[in-house]
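**Q** Could you have a look at this structure, given as structure tokens, before my questions?
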Amino acid sequence: MLTVDEHDLIRRKHLVDGMSQRAISKELGYARNTVAKAVANPIPPGYRLSNPRSKPTIDPVKHIIDAWLEQDKLGRPKQRHTGQRIFERLCDEHDFKGSVTSVRRYIQAIKQHTQEVFMPLAFEPGEEAQVDWHEGWIEENGVQRKAQFFCMRLCYSKASFVWSYERANMEAFLDGHVRAFEYFGGIPRRLAYDNLKSAVIQVGKRRARQLNKRFKELRSWYLFDTRFCNVARGNEKGDVENLAKRSERTYLTPIPAIGTLAELGPRLLDDCRKDQDRPGPKPHQDKTRHDLFEEEKQRMLPLPEHPFFTASGLVNTYIEAREERQVLRLEKHICRNDLIVIDELGYRSLHDIAFHMQRPPHRQQFRDIADEVLRLVLCRRVGVGRGYVRVVELVQCWRAVG
């Protein structure tokens, strides 16, 4: 077999010096076939078998090993066959005469041929954004605790959005989308998710998903398409996974000291804006992420006239009412996770009220609703606290028509 230097010499004499293969063979003493093979292959091809080597010991049991390995894929990860266990079963059940090394060598060859391959994804401007949550530690008034962070990243420009929340619930999930769309100034044509409960109620076969009603309303409001990753395949939305890591290791390192959680969101957006000065991803390294983002904004869907109703917001409001000829002044600090349930009115959730607000009824109907809400609050028949349905927008409407 030729060495690399000998292979290089033959090719130079033929391709650079212009010598014929016959002359090279006569001068260097190589067979004509050897010279022709060196000229045809830029690098030495190495030794190649005309036919695969026979394996008389392992060939008769290949199908058995393959079947056991396929069964392992459906079983529990910690109770799968090792090479040693397969060898023992072959000896006990099939009178195998080979060695454990031959079994392990065959299993290794199988894994190399069936190993999962990851291909980098390429996206057009405005084609897709990816969404996910991550948790992180903050220091609020000198006390360290966990908070939840909503993340969205555009796949073309890598422009990012991160906002802090008390909990990763449905209201925060919807509010994160609305804020992100307003921050980007447009809507990506498709959003990618894993199978988080705020969006997916049940995962069916293959790509079938039963979606949350409120999430479908959000999708209908903004008209974006959706893509859901396979179960336990976070690599299918690698952009937002990388954003979550950057948020934890850069935006939240060292642990931010804040007075209230509301202070953290704008700081995170400042970090996201600074990241736009970084070089763009391959093959756009000659541009900044800001340049790519400006290009991507032109290809995104336009924002609707009004944002989606998420029943959220930070509201300091005073509710005034007359009851038994006295003016009662109630100060309610209704924050993002402070909500009200109105069972006596027949509303199962604030979604029903939202329907009326998007299609405003008669002014008197609003007064009746607001008066009943106020009466229930005054009588302490409904709670104001975390875990209830928000009534922020209803209070604002009551003040407008009162």
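**Q** When you go through (1) in contact with a strand residue (DSSP E or B) (Cβ under 8 Å, 6 or more places away or on another chain); (2) among the hydroxyl-bearing types (Ser, Thr, Tyr); (3) modelled with pLDDT under 50; (4) crowded, with 16+ Cβ neighbours inside 10 Å one by one for THR288, which number turns out not to apply?
**A** Only one criterion in (1) in contact with a strand residue (DSSP E or B) (Cβ under 8 Å, 6 or more places away or on another chain); (2) among the hydroxyl-bearing types (Ser, Thr, Tyr); (3) modelled with pLDDT under 50; (4) crowded, with 16+ Cβ neighbours inside 10 Å is unmet by THR288, namely (3).
**Q** Regarding GLN202, is this residue in contact with a strand residue (DSSP E or B) (Cβ under 9 Å, 6 or more places away or on another chain) and closer than 17 Å to SER247 by Cβ?
**A** no
**Q** Among the numbered criteria (1) aromatic (Phe, Trp, Tyr); (2) out of contact with any helix residue (DSSP H, G or I) (no Cβ under 8 Å at 6 or more places or on another chain); (3) closer than 17 Å to ALA109 by Cα, which single criterion is violated by TRP68?
**A** With (1) aromatic (Phe, Trp, Tyr); (2) out of contact with any helix residue (DSSP H, G or I) (no Cβ under 8 Å at 6 or more places or on another chain); (3) closer than 17 Å to ALA109 by Cα applied to TRP68, the lone miss is (2).
**Q** Additional query: Pull out all pairs, ordered by first then second residue, where Cβ-Cβ is under 8 Å, the residues are six or more apart or on different chains, the first lies in the stretch 272-286 and is assigned by TED's automatic domain parsing to the domain that holds LYS245, and the second is assigned to a helix (DSSP H, G or I) and among the acidic types (Asp, Glu).
**A** Sorted first by the residue in the stretch 272-286, then by its partner, the pairs are GLY280/ASP291.
**Q** Residue check, LYS55 against (1) charged (D, E, K, R); (2) farther than 30 Å from ARG85 by Cβ; (3) surrounded by 13 or more Cβ atoms within 10 Å (Cβ to Cβ), all met but one. Which one?
**A** With respect to (1) charged (D, E, K, R); (2) farther than 30 Å from ARG85 by Cβ; (3) surrounded by 13 or more Cβ atoms within 10 Å (Cβ to Cβ), LYS55 is out only on (2).
**Q** In the same structural domain as CYS151 (by TED's automatic domain parsing), out of contact with any Ser or Thr (no Cβ under 9 Å at 6 or more places or on another chain) and β-branched (Val, Ile, Thr) - does that describe any residue in the stretch 218-230?
**A** Yes, because at least one residue in the stretch 218-230 is in the same structural domain as CYS151 (by TED's automatic domain parsing), out of contact with any Ser or Thr (no Cβ under 9 Å at 6 or more places or on another chain) and β-branched (Val, Ile, Thr).
**Q** Residue by residue through the stretch 256-265, note down the ones that are of a type outside the set (A, V, I, L, M) and surrounded by 11 or more Cβ atoms within 10 Å (Cβ to Cβ).
**A** PRO256, GLU263, GLY265, listed by residue number.
**Q** For the stretch 115-146, which residues satisfy the criterion of being surrounded by 11 or more Cβ atoms within 10 Å (Cβ to Cβ), more than 16 Å from the chain's Cα centre (by Cα) and either closer than 20 Å to ARG227 by Cβ or modelled with pLDDT under 80 (or both)?
**A** GLU124, PRO125, GLY126
**Q** Take the residues in the stretch 205-255 that are among the β-branched types (Val, Ile, Thr) and modelled with pLDDT of 85 or more, then tell me which one is surrounded by the most Cβ atoms within 10 Å (Cβ to Cβ).
**A** The selected residue is VAL240.
**Q** Which condition breaks for GLN202 when tested against (1) at pLDDT 85 or above; (2) loosely packed, with under 13 Cβ neighbours inside 10 Å?
**A** (1)
**Q** Could you tell me which residue of the stretch 125-141 is nearest to LYS158 (Cα to Cα), considering only residues that are in contact with a Cys (Cβ under 9 Å, 6 or more places away or on another chain) and of a type in the set (D, E, K, R)?
**A** GLU128
For every residue, the table says whether it meets (1) basic (Lys, Arg); (2) touching a strand residue (DSSP E or B) at 6+ places or on another chain (Cβ under 8 Å); (3) over 30 Å from ASP8 (Cα atoms); (4) outside the structural domain of ILE10 (by TED's automatic domain parsing).
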site: GLU27; (1), (2), (3), (4): no, no, no, no
site: TYR30; (1), (2), (3), (4): no, no, no, no
site: ASN33; (1), (2), (3), (4): no, no, no, no
site: ALA36; (1), (2), (3), (4): no, no, no, no
site: ASN51; (1), (2), (3), (4): no, no, no, yes
site: HIS63; (1), (2), (3), (4): no, no, yes, yes
site: LEU69; (1), (2), (3), (4): no, no, yes, yes
site: GLU93; (1), (2), (3), (4): no, no, yes, yes
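**Q** Quick one: PHE149 ticks every box in (1) modelled with pLDDT under 95; (2) closer than 30 Å to PHE123 by Cα; (3) part of a strand (DSSP E or B) except a single one, so which number is it?
**A** (1)
**Q** Quickly run through the stretch 31-63 and pick out the residues that are under 24 Å from ASP95 (Cβ atoms) and among the hydroxyl-bearing types (Ser, Thr, Tyr).
**A** SER54, THR57
**Q** Hey, among the residues in the stretch 155-175 that are in contact with a helix residue (DSSP H, G or I) (Cβ under 7 Å, 6 or more places away or on another chain) and farther than 24 Å from PRO125 by Cβ, which one's surrounded by the most Cβ atoms within 10 Å (Cβ to Cβ)?
**A** So, considering only residues that are in contact with a helix residue (DSSP H, G or I) (Cβ under 7 Å, 6 or more places away or on another chain) and farther than 24 Å from PRO125 by Cβ, the one surrounded by the most Cβ atoms within 10 Å (Cβ to Cβ) is SER164.
The values are calculated or read from the model by the stated rules, or taken from the named source; none is laboratory data. Not measured: the values here are computed from a predicted model. Note: ideal-geometry Cβ built from the backbone for every residue, glycine included; neighbour counts use all protein chains shown.
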